[in-house]
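Here is the structure we will look at, set down as structure tokens.
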Amino acid sequence: MASPKKRVNPLLIVLLAVLLAAAVAVGVVFAKLHSKVTTLQSGASFTLRYEITPNSPQTPPLLSILNRVNASSGSVSGQYAPGRLQLSFYQLNADGSVTKIETKSDGTVIETTTWRDGSTLTAETSPNGRVETVEKRADGTTVETVEPVSGEITASVSVPKSVGSTRVDIPVSKPTGSMVAVIVHPDGTEEIVRGSVVTETGIALRAEGNVRLKIIDNAKRFNDMADHWAKDAVEFASSRELFNGVGNDAFGPDRSMTRGMVNTVLARLAGADTAGGETWYAKGTAWAVENGISDGTAPEQPVTREQLAAMLYRYAGSPAVSGELSFDDTAVISIWAYDAVRWCVDNGILNGVGGNRMTPQDLARRGQVAAMLMRFLQATV
């Protein structure tokens, strides 16, 4: 009697088919992964997607770089090889410029911004913190700056003759109010740029031709300025050596200031030689008269707020003004000083004293003069 045929269990067949398919799939996935790993190991280009969540338990290593391009998601391109990674990020800025940030395998970061007119600004930060910056403008002006980890910041500026005098900005990672630009002449002599001002990103000044610069901290210490409202302004004015203290390490911010002293300060600001003369203010006053800043009268009399405004206004070239002032004591302003006061108010150089009053004929105190000089230079550099 023939034995009955054994029937194969259908469930077993299905199970074997599933296992076979899984094995094939694993093999395919492994092959693809192996191919990708091999490709990356050979140093190929790649693009990856990223997304940073606000509540991420750990800060991604690239977060600091991504923050510099102000992006929380997007794509990154680069080059990979074992132990080496180079990345490139792009950011479209509000002014239409494009910023590219590159990370090199040695840790160097290169940030390049390009504007629509072709101007570029490139900053290269080495792993040790040294920063080299090169600005190239469409008009041919170039500014090359080196900021070492320690020591003086140096810069080389080249301005074409066709451009003339122009504003240049020297980048500084941590600018302070007492920082000032110094011209290093070919013969080695140095000259403080009294008109250089501190900005949020460095030092700004006007330059012409080829200039070598260095940035120094020229802080002066006074024992009566620690808690004074004009501390920052006095630090600014004294570090530029526009005027000094009154002796015994004091500045005297609440003392009055003479017309002759203001003449001398503005002459120094213009680069005139004020040393010598029959009196300490003689050369400064002569310069002020010659340049239409002052009539030279009463040099030993205290200067008033409106007189100081008029002198700064004339120094700026007497720009056109329009509109009316609305202080409660506007009628007290002298007719000859009205446009000057209006211009100073419009440019944030001169403020009221409270209660909607200008008090134009009150004496200008030394701290007030320092503050107006600082604001004047910030508005006109």
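Where a number appears in this text, it was derived from the coordinates with a stated rule and is not lab data. Being a predicted model, the structure only gives us computed values, none of them experimental. Heads up, the Cβs are rebuilt from the backbone with ideal geometry, glycines too, and the neighbour counts pull from every protein chain shown.
Between Glu190 and Ser97, how high is the FRET efficiency from 1/(1 + (r/R0)^6) when r is the Cβ-Cβ distance and R₀ = 35 Å? Nearest 0.05.
0.50
In this calculation the C-beta distance from Trp280 to Asp227 is compared with R0 = 30 Å, giving a FRET efficiency of 0.50.
Across the range 128-219, C-alpha contacts under 8 Å between residues 6 or more apart give a mean separation that, scaled by the residue count, equals a relative contact order of 30 percent.
Taking 0.36 nm per residue of separation and subtracting the Cα-Cα distance, full extension of the segment from Arg116 to Ala250 would add 43.2 nm. With R₀ set to 25 Å, the beta-carbon distance separating Val149 from Asn210 gives a calculated FRET efficiency near 0.35. With 0.36 nm allotted per residue and the present C-alpha distance subtracted, the Thr176-Ala320 stretch has 48.5 nm of extension available. Beyond 27 Å in Cα-Cα separation lie the following of the pairs Lys104/Lys214; Lys100/Lys161; Lys161/Lys283; Lys161/Lys214; Lys136/Lys220; Lys161/Lys220: Lys104/Lys214; Lys100/Lys161; Lys161/Lys283; Lys136/Lys220; Lys161/Lys220.
The trypsin sites (Lys or Arg not before Pro) of the range 126-203 that DSSP puts in a loop, and whose beta carbon has at most 10 other beta carbons within 10 Å, are Lys161.
A simple spin-label model places the labels of Asp273 and Asn351 4.0 nm from each other, with each point 7 Å out along Cα-to-Cβ.
As a rough footprinting exposure proxy, the listed residues Val98, Val182, Val262, Val143 were ranked by other beta carbons within 10 Å of their own, and the order from fewest upward is Val98, Val182, Val143, Val262.
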